[in-house]
Amino acid sequence: MSNELKLDTLHNWLNIKSKPLIIAGPCSAESEEQVMEVAKALATSGKVSMYRAGVWKPRTRPGAFEGKATEGLSWLNKVKQETGLPVTVEVANPKHVEEALKFGIDVLWIGARTTVNPFYVQEIAEALKGIDIPVLVKNPIHPELQLWIGALERFNKIGINKLAAIHRGFYSYRKSEYRNLPQWEIPIALKVECPDLPVICDPSHISGKADMIEEVAQKAIDLNMDGLMIETHPNPSQALSDAKQQITPQKLIEILNNLKIRETHSENLEFENLLEQFRNEINEIDVELLRVLEQRMDIVEKIGSYKYKNNVAIFQLERWAEILKTRKATGYKLGLSDEFIQSIFQLIHSESIRIQTEVTKEKKKSSS
Ligand code: PEP
Ligand code: MN
């Protein structure tokens, strides 16, 4: 369904040439001085393609700094005039859209707390009917791929073809080193469903802390993401929002200089040949893996009917505990991680239970 997204390529927008596309600027526009200081540092570096700053801030609790609204938009307009950098701002309702357009904002972005709600997204999309402006859509707070794609489709349906997704991670109750879990499999699944859609990673909101930005940014580049959005502030510890995760423009430039940009393909024939050889080996091993799994599931089916005949329950806790323990021990000897063995056997085990449940149902039906 989403493959039907009609998209302009990212590099047609605003004549942006660099890959990865780098968007930087403060979490919030706080004062004209702060906005301009960051903008000048970024513009002179020549490393940044777009300037970001929030002027309406969606805060979790009331009473926190909620942004400078229209006043902030006038500073962003000044950034555009004085540095030539295109500017982007978060919009969360049609009124924001109207204001942002009045101030010549070049690109709009939809925040994570807005993407979750199809009513809000639809209203914003309708406010943009007939307007040719790029829109960046952050992932919803929770990892629901179809809701993310749905928001992109709403903009596409009203005629916006300059679209990109921003991966900013997902809220979790689980305690973690990240502020928002990256769950890289979700932006990867998005790329699989929408191959032409640019996906930009936001390491700031994933990390939640300044010293993790570089690692997350490199990971995003290694996964062939199309760009990065990174929060920068002249004096991060004094920032009025997201103080812990902001970095100075100097630090950003250092990180960008250290980034290892990888190619999707290599011109080196020897490399391509060897890669193909490795991939062929993997293809054969995968077929072997599937054959072995099929054999395992055949036995599971036999066990299912045997348990049914003997009136024994499908699940035995001790057996499951023993499987996990022994497989992890074997895995350890083979250099396979505990987590990997745990996830793979959880999957195999739940499929075994599903098969045995089916067998039991069929036996019951045929005996009744
Ligand atoms: C932001 O980019 O400052 C922001 C509020 O992000 P998110 O919507 O990802 O929380
Ligand atoms: Mn922020």
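Here is how the numbers come out for the structure above:
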read-out	value
Percent antiparallel among DSSP beta bridges (both partners in the chain, rounded to 5)	5 percent
Estimated vicinal HN-Hα couplings, Hz - the range 195-212 in sequence order (Karplus 6.51, -1.76, 1.60; Gly, Pro = x)	x, 8, 7, x, 10, 10, 9, 10, x, 5, 6, 6, 6, x, 8, 4, 7, 9
Packing-based order for 191-198, 90-97, using average beta carbon neighbours within 10 Å, highest first	90-97, 191-198
Accessible-area value, Glu276, 1.4 Å probe, nucleic acids and ligands omitted, Å²	110 Å²
Between 0 and 90°, nearest 10: helix 118-127 axis offset from the chain longest Cα axis	30 degrees
Accessible area of the range 269-367 divided out per residue, in Å², using a probe of 1.4 angstrom	81 Å²
Heavy-atom accessible surface of the chain: percent carbon and sulfur, 1.4 Å	53 percent
Per residue accessible area of the range 1-71, 1.4 Å probe, in Å²	49 Å²
Two-decimal Rg/Rh across the range 269-367, once Rg and the Kirkwood Rh are taken from alpha-carbon atoms	1.14
Computed log₁₀ I(q)/I(0) - Debye formula, equal Cα scatterers, no solvent, the chain, q 0.12, 0.13 Å⁻¹	-0.94, -1.04
Amide H contacts under 5 Å for Gly208, placed H, 5+ residues apart	Arg179
Cross-link pairs beyond the 28 Å C-alpha cut-off, checked among Lys17/Lys138; Lys157/Lys244; Lys6/Lys78; Lys175/Lys244; Lys80/Lys138; Lys80/Lys219	Lys157/Lys244; Lys6/Lys78; Lys80/Lys219
Hull volume in cubic angstrom per residue (convex hull over the Cα atoms of the range 201-275)	85 Å³
Distant-in-sequence amide H partners of Gly67 (H built 1.01 Å from N, under 5 Å)	Lys57
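The values are calculated or read from the model by the stated rules, or taken from the named source; none is laboratory data. These figures come from a predicted structure and were not determined experimentally. As a convention, Cβ positions derive from the backbone with ideal geometry for all residues, glycine included, and neighbour counts pool all protein chains shown. For accessibility, only protein heavy atoms count, side chains too; no ligands or nucleic acids. Shrake-Rupley method; radii C 1.70, N 1.55, O 1.52, S 1.80 Å.
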